[in-house]
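The values are calculated or read from the model by the stated rules, or taken from the named source; none is laboratory data. Quick caveat: nothing in here was measured; it's all calculated off a predicted structure. Backbone-built Cβ (ideal geometry, glycine too); neighbour counts: all protein chains shown.
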Amino acid sequence: MLEVKGLHTHFFTSEGVVKAVDGVDLTIERGKTLCVVGESGCGKSVTARSILQIVDRPGRVVSGQILLHRSTGEEPGAATETIDLAALSPSGKQMRAIRGRDVAMIFQEPMTSLSPVHTIGNQIYEAMNVHLNISKEEAHDRALENLRLVGFPRPESAVDRYPFQLSGGMRQRAMIAMALACSPKLLIADEPTTALDVTTQAQILELIRELQHELGMSLMMITHDLGVVAEMADDVAVMYLGTVAESGTVDQIFHQPEHPYTRALLRSIPRVGEQDQERLFTIRGTVPNPFNRPSACPYHTRCDSFMPGICDVHDPPAVRFEGDHLARCLLHTDLADTSRIRAENVHPAPADVPATTPDDRESGSRPGEVLLNVRDLHMHFTVTHGFLGRSSDEVRAVDGVSFGIWRGETLGLVGESGCGKTTIGRSIVRINQPTSGELHYRKPDGDVVDVAQLNGGALKALRSEIRMVFQDPHSSLNPRMTLRDIIAEPIRAHGLTKGRRAVDERVADLLRKVGLRPEYMRRYPHAFSGGERQRVSIARALATNPRLLVADEAVSALDVSVRAQIINLLKDLQREMELTYLFVSHDLSVVQHICDRVAVMYLGRIVELAETSKIFASPRMPYTEALLSAVPIADPRLRGSTSRIMLQGEVPDPSNPPSGCPFHTRCRYVQDRCRIEEPALREVRPGHLAACHFSEELDLQGAAAHPSAAAAN
């Protein structure tokens, strides 16, 4: 279907030439899926944009071939023609005709990719008007059919909606409907599920699979989630610093990896159902700045199998293994020291890392003191609509939540987008003023204060003890401030250190604590990678020596290798500084690794709360069972080995919640009682709370039944 040969895409900046894509070779077969993986900054998205000739300036394709093989007609047996897309003008008529018609693309963030001032229907019509000679009525009918195809329950009303009126999952479905408007033969999906929660991700992946089978499309998927790769890919290309480090079938990449970078990525994955490890495996360092590209093998500065005088001198050739399995690594050449080649099993937890038992975790996290006690917390928002905003609805973002956080523990808060997790975190640090409820916090002197009632100086003083790490470090760090000023700001605001030299010493100490060099304090946020910026965010949060840290999706936007580094850092800091964490996340594999207890939220309520081991081994709420079932299995040999629970629909509108059990509209075990009577959060087993009428009767499956757990143990 598509062949990429020796592709080079460069960005010509005032500081020099950035070789974002540096000799990439890819093949996408007709009807098959190629997944392109690698850390941020490795050139995945630029490669995809190069195929469609939509690289942002000052970048452009400078050499190579992009060969599109397409049929000259719709009838079976039609002749095939080959077009070199790299030779076409990006703004030329022929290239514009190919975009959308032969090759279409789904972008990572639908909220910024969809026009906010045009309805969903108009944006689908636009693609049809450009490529298809059909009437407005036909375009309308086809748009309705596409929206129905991608799972919109009421396409007739959806065509007249604007993007801001849709949830994240529905916006992504609208993007897919737009991409399919002209029935392309190749669909490029750039991180299509990265910003979605686990259940919505499962729905979107299943939808893409069904559409690919039904329409006979080829698929190129860009992702850093290796669980998604294992579930979707036929073939895999692993990219590093603008080159393809390894390529082959999905089974070869996962079970016979030949490149050290591929093996390191696979070992970095925290898997649901595995025994807990004290530390996750990490890749040292970060992807180098393209301006300071390492000589010879681009990975040698981070490689555990580095051979001095070889890897830093010679360019690695493409070595062929079985079939089309290729790896660019000098370990497989005559120059190699064979003792450096490691036969690692990348799927089980590393054998040299001692596992902690649930009892160990419990005893280490229960010193007998509740640091924060949340009682009957409500957070309601008034949303106006209609002409002149004269009508309004009350959105119950948090609706009667109660829980405690023990000193020194990590409590995980999980659930789908829109269930109220972030609102709870923001209420605890008093970014939001709770509508009602109590937030009893135990101060170092033993006094208990209600955070919800504090104001003025008392609230300011408390904010030095309760701090927050936000999801996106790119938007939470001021781009006009140096790292020194960013980290020093809370120090000065709370009067903790006076004098420039003392502040500089404190900032340097904090940077060292989070694994950054003190000399970085003179730099600005844009000079750092996503993982490094998140370390800066953590340093800023630690500047006031807090006791409680609210981490709101602190690792969700990071690559798997960087995610492992941040998780290890958080655990190290917790031991060193006796920190307590409220860890908000939708990544259950991360939650299992870092959290002592887990609270599961749905529609503003906690529906299950227990120790992590109990939640994952034996959930007592159908919603928790569905969340565990939706986690991708990072092993292609286990694809389809378990029946996935696909939740239908989305979280109901919090301004108009359903009667009875809030989950009954999506629950596969629903009974008449569920539709009428709301279940209370009650103790169904010692230390295990659940809000379900039938917790004791239902035989629910946990992560212990997850195939990845069986494979790992």
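Quick notes on this structure:
- Residue within the stretch 228-244 that is of a type outside the set (D, E, K, R) and free of Cβ contacts under 8 Å to residues at least 24 places away in the same chain present: no
- So V319, is it at pLDDT below 85, of a type in the set (A, V, I, L, M) and in contact with a Leu (Cβ under 9 Å, 6 or more places away or on another chain): no
- Criterion (among the basic types (K, R) and touching a Leu at 6+ places or on another chain (Cβ under 6 Å)) met by exactly one of R161, R99: R99
- Taken over the stretch 602-651, the criterion of being at negative phi, part of a loop (DSSP other than H, G, I, E, B) and touching a Phe, Trp or Tyr at 6+ places or on another chain (Cβ under 9 Å) is satisfied by M621, A634, D635, L647, V651.
- Residue match in the stretch 57-67 (condition: among the basic types (K, R), closer than 25 Å to T223 by Cα, in contact with a Leu (Cβ under 9 Å, 6 or more places away or on another chain) and not assigned by TED's automatic domain parsing to the domain that holds V560): no
- The residues of the stretch 133-153 that are surrounded by fewer than 16 Cβ atoms within 10 Å (Cβ to Cβ), modelled with pLDDT of 80 or more and over 19 Å from M170 (Cα atoms), listed by number, are I134, S135, K136, E137, E138, D141.
- Residue within the stretch 412-435 that is in contact with a Phe, Trp or Tyr (Cβ under 8 Å, 6 or more places away or on another chain), at pLDDT 95 or above and of a type outside the set (V, I, T) present: yes
- Scanning the stretch 538-564 for residues that are crowded, with 24+ Cβ neighbours inside 10 Å, within 21 Å of T194 (Cβ to Cβ) and modelled with pLDDT of 90 or more yields a single hit, A551.
- Of all residues in the stretch 590-629 being small (G, A, S) and surrounded by fewer than 22 Cβ atoms within 10 Å (Cβ to Cβ), the one that is farthest from C674 (Cα to Cα): S613
- Number of positions in the stretch 284-301 that are β-branched (V, I, T) and either within 26 Å of the chain's Cα centre (by Cα) or under 17 Å from L516 (Cβ atoms) (or both): 2
- A single member of I253, I269 is at pLDDT below 95 and of a type in the set (A, V, I, L, M), and it is I269.
- The condition of being buried (at least 19 other Cβ atoms within 10 Å of the Cβ) and polar (S, T, N, Q) holds for only one of T72, T47, that being T47.
- Odd one out for A230, checked against (1) in a loop (DSSP other than H, G, I, E, B); (2) more than 27 Å from T13 (Cβ to Cβ); (3) among the aliphatic types (A, V, I, L, M): (1)
- Residues (exposed (fewer than 11 other Cβ atoms within 10 Å of the Cβ) and in a loop (DSSP other than H, G, I, E, B)) located in the stretch 434-467: P444, D445, G446, D447, N455
- Residue in the stretch 167-177 that is in contact with a Lys or Arg (Cβ under 9 Å, 6 or more places away or on another chain) and either free of Cβ contacts under 8 Å to residues at least 24 places away in the same chain or not aliphatic (A, V, I, L, M) (or both) present: no
- Checklist (1) within 22 Å of R682 (Cα to Cα); (2) among the small types (G, A, S); (3) not in a strand (DSSP E or B) applied to S402, failing item: (3)
- Counted residues, the stretch 581-611 - those being of a type in the set (A, V, I, L, M) and over 15 Å from L681 (Cα atoms): 6
- Residue that is surrounded by the fewest Cβ atoms within 10 Å (Cβ to Cβ), among those in the stretch 75-89 that are modelled with pLDDT of 90 or more and not small (G, A, S): T82
- Boolean, R506 is modelled with pLDDT of 90 or more and either surrounded by fewer than 19 Cβ atoms within 10 Å (Cβ to Cβ) or not assigned by TED's automatic domain parsing to the domain that holds D552 (or both): yes
- Filter result (assigned to a loop (DSSP other than H, G, I, E, B) and closer than 26 Å to T193 by Cβ) within the stretch 8-39: E29, R30, G31, K32, G38, E39
- Filtering the stretch 668-685 to residues that are surrounded by fewer than 19 Cβ atoms within 10 Å (Cβ to Cβ), in a loop (DSSP other than H, G, I, E, B) and touching a residue at least 40 places away in the same chain (Cβ under 8 Å) leaves R668, Y669.
- Cβ-Cβ under 6 Å pairs, at least 6 apart or on other chains, the stretch 488-505 side free of Cβ contacts under 8 Å to residues at least 60 places away in the same chain, far side of a type in the set (S, T, Y) and crowded, with 16+ Cβ neighbours inside 10 Å: P490/T544; I491/T497; H494/S464; H494/T544; V503/T497
- Between S659, S643, S655, the distinction of being polar (S, T, N, Q), touching a strand residue (DSSP E or B) at 6+ places or on another chain (Cβ under 7 Å) and either at pLDDT 95 or above or surrounded by fewer than 18 Cβ atoms within 10 Å (Cβ to Cβ) (or both) belongs to S655 only.
- Filter pass, V46 being under 27 Å from A230 (Cα atoms), within 27 Å of the chain's Cα centre (by Cα) and either outside any loop (DSSP other than H, G, I, E, B) or touching a residue at least 12 places away in the same chain (Cβ under 8 Å) (or both): yes
- Criterion violated by V591 - all others in (1) among the β-branched types (V, I, T); (2) in contact with a strand residue (DSSP E or B) (Cβ under 6 Å, 6 or more places away or on another chain); (3) over 30 Å from E696 (Cβ atoms); (4) at pLDDT below 95 satisfied: (3)
- Test for I66: is it surrounded by 11 or more Cβ atoms within 10 Å (Cβ to Cβ), of a type in the set (A, V, I, L, M, F, W, C) and farther than 12 Å from A181 by Cα: yes
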